[in-house]
1. Please give the number of the condition THR125 fails out of (1) touching a Cys at 6+ places or on another chain (Cβ under 9 Å); (2) more than 22 Å from ALA68 (Cα to Cα).
2. Hey, among LEU52, LEU10, LEU30, LEU48, which residue is modelled with pLDDT of 50 or more, assigned to a helix (DSSP H, G or I), in contact with a strand residue (DSSP E or B) (Cβ under 6 Å, 6 or more places away or on another chain) and more than 14 Å from TYR75 (Cβ to Cβ)?
3. Identify all residues within the stretch 40-49 that are of a type in the set (A, V, I, L, M), crowded, with 17+ Cβ neighbours inside 10 Å and either closer than 16 Å to ALA138 by Cβ or free of Cβ contacts under 8 Å to residues at least 60 places away in the same chain (or both); write none if there are none.
4. Is it the case that THR89 is buried (at least 17 other Cβ atoms within 10 Å of the Cβ) and in contact with a His (Cβ under 8 Å, 6 or more places away or on another chain)?
5. So GLU166 passes all but one of these: (1) in contact (Cβ under 8 Å) with a residue 60 or more places away in the chain; (2) within 16 Å of ARG84 (Cα to Cα). Which condition number does it fail?
6. Starting from residues that are free of Cβ contacts under 8 Å to residues at least 40 places away in the same chain, in contact with a strand residue (DSSP E or B) (Cβ under 8 Å, 6 or more places away or on another chain) and among the polar types (S, T, N, Q), keep the ones in the stretch 86-112 and report whichever is farthest from ALA72 (Cα to Cα).
7. I'd like the full set of residues that are surrounded by 15 or more Cβ atoms within 10 Å (Cβ to Cβ), of a type in the set (Val, Ile, Thr) and more than 21 Å from LEU190 (Cα to Cα), limited to the stretch 50-85.
8. I need the full set of residues from the stretch 151-174 which are part of a loop (DSSP other than H, G, I, E, B) and surrounded by fewer than 19 Cβ atoms within 10 Å (Cβ to Cβ), in order please.
Amino acid sequence: MKSKFTHRLLPLLFAMAPALVVAGDNPDNLEESRRIAQAFMQRLGGTLKQQLATAGPGGAIGVCKQVAPALAADYSRNGFLVSRVSLKTRNKTLGTPDAWERSMLEQFDRQQAQGSAPTEVNELTEDADGRWFRYLKAIPTQPMCLQCHGQPYDMAADVKTMLAREYPDDQATGYRAGDIRGAISIKRKLADAGE
Ligand code: HEC
């Protein structure tokens, strides 16, 4: 079932994909990150909506499982590294935040709890690997997400069975519409100071 899904959907998705507009050698990191995050969310959301309509939530699990990581890899070009992170992961291998992402996600949740909708944050950071441009765009939970991330008693039996099988450590349920589900994270290494 998994491989059938991949073979059917992925070539279609990439064949129809508009070419990613990449900036030159010295792109504006913030503008380019915004473009990447928006394009990623639009393509993933569109594909998810289509699969939910045609295959139902059980069939659409493959979109999140196969297509989301494939799209993240596809958009990781020209030095921009793209991923999806969350404080409560379903796929902890791909989605566990690092220290900077974690503190920004916690900040998003605080803003959300205070009634303001968090959108994005960016910063220049430095670690043992060098200097980085960091960008995080909040992903709000929409009503359609609840079919797979909502209260367990609201989710279809086949979805719960598949999730339990594929993601025994799943933490990504119990969300309500409007909660911050996670974020698109983009980072790009900067030239060392003095270069
Ligand atoms: C059909 C079921 C389904 C629906 C609907 C769904 N998701 Fe997911 N979601 C998943 C699965 C499965 C994963 C794990 C993907 C993986 O293995 O990388 C996931 C992972 C994620 C992640 C990555 C972080 C993590 O928890 O591992 C984010 C962020 C996310 N979903 C957001 C959303 C949002 C926002 C929506 C609504 C627009 C949504 N999802 C709708 C099934 C779904």
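The values are calculated or read from the model by the stated rules, or taken from the named source; none is laboratory data. Because the structure is a prediction, the values reported are computed rather than measured. Positions of Cβ are backbone-derived with ideal geometry, glycine not excepted, and every protein chain shown enters the neighbour counts.
1. THR125 satisfies all of (1) touching a Cys at 6+ places or on another chain (Cβ under 9 Å); (2) more than 22 Å from ALA68 (Cα to Cα) except (1).
2. Working: LEU52 fails: in contact with a strand residue (DSSP E or B) (Cβ under 6 Å, 6 or more places away or on another chain); LEU10 fails: in contact with a strand residue (DSSP E or B) (Cβ under 6 Å, 6 or more places away or on another chain); LEU48 fails: in contact with a strand residue (DSSP E or B) (Cβ under 6 Å, 6 or more places away or on another chain).
So the residue among LEU52, LEU10, LEU30, LEU48 that is modelled with pLDDT of 50 or more, assigned to a helix (DSSP H, G or I), in contact with a strand residue (DSSP E or B) (Cβ under 6 Å, 6 or more places away or on another chain) and more than 14 Å from TYR75 (Cβ to Cβ) is LEU30.
3. Initially, the stretch 40-49 is screened for residues of a type in the set (A, V, I, L, M), giving 41, 44, 48.
Of the ones still in play, those that are also crowded, with 17+ Cβ neighbours inside 10 Å are 44, 48.
The answer is LEU44, and nothing else.
4. Details: buried (at least 17 other Cβ atoms within 10 Å of the Cβ): yes; in contact with a His (Cβ under 8 Å, 6 or more places away or on another chain): no.
No.
5. Condition not satisfied by GLU166: (2).
6. Out of the qualifying residues, it is GLN107.
7. Of everything in the stretch 50-85, those that are surrounded by 15 or more Cβ atoms within 10 Å (Cβ to Cβ), of a type in the set (Val, Ile, Thr) and more than 21 Å from LEU190 (Cα to Cα) turn out to be ILE61, VAL63, VAL67, VAL85.
8. Of the stretch 151-174, the ones part of a loop (DSSP other than H, G, I, E, B) are 151, 155-156, 167-174.
Correct list: GLN151, MET155, ALA156, TYR167, PRO168, ASP169, ASP170, GLN171, THR173, GLY174.
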